[in-house]
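The values are calculated or read from the model by the stated rules, or taken from the named source; none is laboratory data. Given the structure is predicted, the values throughout are model-derived calculations rather than measurements. As a convention, Cβ positions derive from the backbone with ideal geometry for all residues, glycine included, and neighbour counts pool all protein chains shown. Only protein heavy atoms, including side chains, enter the accessible area calculation; ligands, DNA and RNA are left aside. Shrake-Rupley method; radii C 1.70, N 1.55, O 1.52, S 1.80 Å.
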Amino acid sequence: MNRPILATDHIHPAIRQSIATHQQDIVSEVQQAIQQHPVVVVGMAQNPMVKQAREALTRAGFAVHYLEYGSYFSQWRRRNALKMWTGWPTFPMVFVNQVLIGGAKDVKALIESGELKKNA
């Protein structure tokens, strides 16, 4: 399965660099974290789903590395770059062993099924 992404040859050369480097600092920070930590949760303040995911992972015995970017009222443009990079539309974004596994509901389902322990 491949998600649709506008092909480079359909982007004018004058704006390709701008697209390639848009909010690259936040994407690079998350990329580095998922390479260094087995479990990474990317979230934002005031989001109850982020808290639920972190708590579920902690209860299941996972050490969680947490990255927080703003709140409902701030840094939404920076967070948008993460959504574009991953294709995941909401927060949290949970990575286990460098693989995006989804959000809070997905984490809970994988913990309940036992699949997360097998793959961690």
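Odds and ends about this structure:
- Meets criteria (more than 13 Å from the chain's Cα centre (by Cα), at pLDDT 95 or above and open to solvent by 30 Å² or more (accessible area, probe 1.4 Å)) for LYS51: yes
- The range 87-101, residues that are more than 17 Å from GLY70 (Cβ to Cβ) and of a type in the set (Val, Ile, Thr): VAL94, VAL96, VAL99, ILE101
- Single residue of LEU57, LEU67 found to be farther than 24 Å from ASN2 by Cα, at pLDDT 95 or above and not in a helix (DSSP H, G or I): LEU67
- Residues of the range 1-44 that turn out to be in contact with a Phe, Trp or Tyr (Cβ under 8 Å, 6 or more places away or on another chain) and open to solvent by 30 Å² or more (accessible area, probe 1.4 Å), as a count: 1
- Hey, GLN46 part of a loop (DSSP other than H, G, I, E, B) and of a type outside the set (A, V, I, L, M) or not: yes
- Checklist (1) in contact with a Lys or Arg (Cβ under 6 Å, 6 or more places away or on another chain); (2) among the aromatic types (Phe, Trp, Tyr); (3) open to solvent by 20 Å² or more (accessible area, probe 1.4 Å) applied to TYR69, failing item: (3)
- Failed item, numbered, when ALA81 is tested on (1) touching a helix residue (DSSP H, G or I) at 6+ places or on another chain (Cβ under 6 Å); (2) open to solvent by 30 Å² or more (accessible area, probe 1.4 Å): (2)
- Selection of the range 84-112 for residues being surrounded by fewer than 18 Cβ atoms within 10 Å (Cβ to Cβ), of a type in the set (Val, Ile, Thr) and under 21 Å from ALA45 (Cβ atoms) yields THR86, THR90.
- Qualifying residue in the range 79-87 (condition: in a loop (DSSP other than H, G, I, E, B) and touching a residue at least 12 places away in the same chain (Cβ under 8 Å)): yes
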